[in-house]
Amino acid sequence: RVRSVHVGQPKRIAIIGGGLVGALNACFFAQKGFLVDVYEYRADIRSTEKAVGRSINLALSFRGRAALKAVGLEDYVVSEGIPMRARMIHDTNESTHEVPYGIFPDQFIISIDRRRLNEVMLSLAEKYKELVTLHFHHKLIKVDLYSGAMKFVTEDGSTVERSADLVMGCDGAYSAVRQAMMKQSLFDYSQEFIEHGYIELETPPNGCGEYAMPPNFLHIWPRDTFMLIALPNLDHSFTTTLFMPFRKFEELTTEAQVLAFFRDTFPDALKIIGESNLVQSFLSTKPSSLISIKCKPYHVGRTVILGDAAHAMVPFYGQGMNAGFLDCLVFHELMDSLDCDIDLVLPAFTERMLPNSHAIIDLAMYNYIEMRHLVNTWSYYLRKKIDNTLYRLFPGTWVPLYTMVTFSMTPYAECVENRAWQDKVLRRAKWVIGISTIAVGLYWFFPRPTVNDYIVGFKEALNTWFRNVKVDRFYVTAEDPNFGTAGAWY
Ligand code: FAD
């Protein structure tokens, strides 16, 4: 049922982008009874052969699940995914070991088919027939941030003009809505392309139609400056992604070079991907770039940006979509608590999300090094052991960073602060342990005195002191420089 609105509340909402965040946002607004128009530049993915776009599957975690739960989709989406309980690290000698994501049974992430997830959310939004209209092949080319007037190019090249009371830019990392905001004064923006690009390679099921590797893991082949990862799919295949510096991709241009590189660095992966499959996919794909974007604020006039449009990040914490879903959840919580008054909701949204989004962007960059390099170092495992032991002992106080980010709703900025506090505690503990070890070492190294030794020593010291007291001090004469004339009186 269409809700009746009063002053300050929007009636018609325009969502730009029908990707993951836009589709979920449409579900939230429809369930609140708003009139929603979703404008998506591409065709309806539910009717296209192959979805064009990034990454075939994604890791869904706690924050994303919480948002899906709020629209009633969590159970269904989770049932269509594959739990991943640990990282499985593949060494160059083809041995493997597991690094669990958490210490409790419910601490796992879920491999989800991106296209399927998008389809499910679009279909849910569309169920609210009288409220939601999906407009595919509508590319936003112009928006007035204050009046909500918009201009789109459609499939046949014609333009259409529309307007809305609230415009929500969910149009991804290269957002047209954000570009309009960037023309405003006091709007800050920065972007960073990392030197690594990525290509996706399909790892088919084995000869018996089964998974070629254990499915309940996120497989990683960390090689310090580059890495390969694989996430399981429901059809028993894996989506395998190679992250590598662009200059390295440029060195691999022939079949022989690609095969030699894989034989050398990922021998076990090569066996399951298959030589001809690998060469065909590798040489026919151009690596995609990875961008990280920070901007401020997230709203101008009656327009707001969410998801990658507001905070694109490198994919190494598996939080891009989760953070985008969290945006939707928080936005609608604010709508509820602030009586849907967008003059209050938009600034409150910026204030609440900005430090947190910036924090997860930085954390994602940090994990870029952890995944390809740190998991190869002993200090990483030592820290993990310490963190997990303290977590078991003090679960309310000491929560490891990855657990906080992935399995809790702790604001991202607070996760970073907690980690800084933990680092400080461990640094101090290191000093205390170091000094105590030296003291104990010295104690054991030198002959240990008994209580009796102390008494004898004390007596001897006293004796020596007595003997050193000069007798002539008692017979002070007038010549004694310390006594001067007063001494003469004695
Ligand atoms: P998008 O998914 O980019 O959707 C934007 C939509 O807007 C698109 O449909 C586009 O067609 C449309 N659009 C764009 N411009 C216009 C316009 N002018 N007019 C109309 N429509 C427009 N995140 C995770 O949480 N877990 C993961 O495991 C994970 N893995 C990833 C792996 C890789 C390799 C990459 C690149 C990303 C990964 N992410 C992951 C991040 C995740 O993909 C993004 O954060 C998520 O897709 C953001 O959703 P979005 O809706 O904001 O943007």
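None of the figures in this text is laboratory data; all of them are computed from the coordinates on show. Computed from a prediction, not measured in an experiment: that's the story for all the values here. No Cβ is skipped: glycine too gets one built from the backbone with ideal geometry, and neighbour counts run over all protein chains shown.
Loop by DSSP (not H, G, I, E, B), at most 16 other beta-carbon atoms within 10 Å: where is the longest site-free stretch of the chain for GluC sites (Glu not before Pro)? Excluding the exposed sites themselves, the longest stretch runs over 211-478.
For a straight C-alpha distance cut-off of 16 angstrom, the aspartates and glutamates reachable from LYS294 (same-chain residues fewer than eight places away being disregarded) are ASP171, ASP188, GLU192, ASP308, ASP327, GLU351, ASP362.
Once you treat every alpha carbon in region 32-101 as an equal point and sum by Debye, what is log10 I(q)/I(0) at q = 0.13, 0.21, 0.24 Å⁻¹? Log10 of I(q)/I(0), two decimals: -0.68, -1.15, -1.19.
Our note on the geometry: Cα centres of region 164-219 and region 343-403, 20 Å apart. Excluding same-chain neighbours fewer than eight residues apart, the aspartates and glutamates reachable from LYS286 by a Cα-Cα span under 16 Å are GLU195, GLU200, GLU202, GLU250, GLU251, GLU255. Give the Kirkwood hydrodynamic radius (Å, one decimal) of the chain, defined as one over the mean of 1/r across all pairs of different Cα atoms. It is 26.4 Å.
For region 125-183, state which trypsin sites (Lys or Arg not before Pro) are in a DSSP loop and have at most 14 other beta carbons lying within 10 Å of their beta carbon.
Taking region 125-183 and a limit of 14 other Cβ atoms within 10 Å, the loop trypsin sites (Lys or Arg not before Pro) found are LYS129, LYS183.
Summing +1 for each Lys or Arg and -1 for each Asp or Glu among the other residues whose beta-carbon sits under 12 angstrom from that of ILE103 gives +2. Structure note, pairs LYS69/LYS142; LYS69/LYS424; LYS32/LYS183; LYS11/LYS127: Cα-Cα distances above 27 angstrom occur for LYS69/LYS142; LYS69/LYS424; LYS32/LYS183. Computed from phi, the 3J(HN,Hα) profile of region 428-439 under the Karplus parametrisation 6.51, -1.76, 1.60 (θ = phi - 60°) reads 5, 4, 4, 4, 4, 5, x, 5, 4, 5, 5, 4 Hz, with x in place of Gly and Pro. Using only alpha carbons, region 377-442 has a radius of gyration to Kirkwood radius ratio (Rg to Rh) of 1.06.
Annotation: aspartates and glutamates with alpha-carbon distance below 17 angstrom to LYS129 (same-chain offsets under eight excluded): ASP37, ASP44, GLU119. Proximity of backbone amide H atoms, modeled 1.01 Å from N, is registered between LEU290 and ILE194 at under 5 Å, excluding neighbours fewer than 5 places apart on the same chain.
Ranking of ASP44, ASP75, ASP387 by neighbouring Cβ atoms within 10 Å, starting from the fewest: ASP75, ASP44, ASP387.
Here, region 158-301 has an Rg and a Dmax of 20.5, 61 Å when only alpha carbons are counted.
Treating r as the C-beta distance of MET365 and GLU155 and R0 as 56 Å, the FRET efficiency rounds to 0.90.
Would you tally the net charge around GLY434, using a Cβ to Cβ cut-off of less than 15 Å, leaving GLY434 out, and scoring K and R as +1, D and E as -1? Let's see the in-between values first.
Working: positive: ARG427, ARG428, LYS430; negative: none.
Summing Lys/Arg as +1 and Asp/Glu as -1 gives +3.
Taking other C-beta atoms within 10 angstrom as a stand-in for reagent exposure, HIS90, HIS332, HIS236 fall in the order HIS236, HIS332, HIS90, fewest first.
Note on LEU283 and ARG247: their simple-model spin labels are 2.5 nm apart, each label 7 Å out from Cα toward Cβ.
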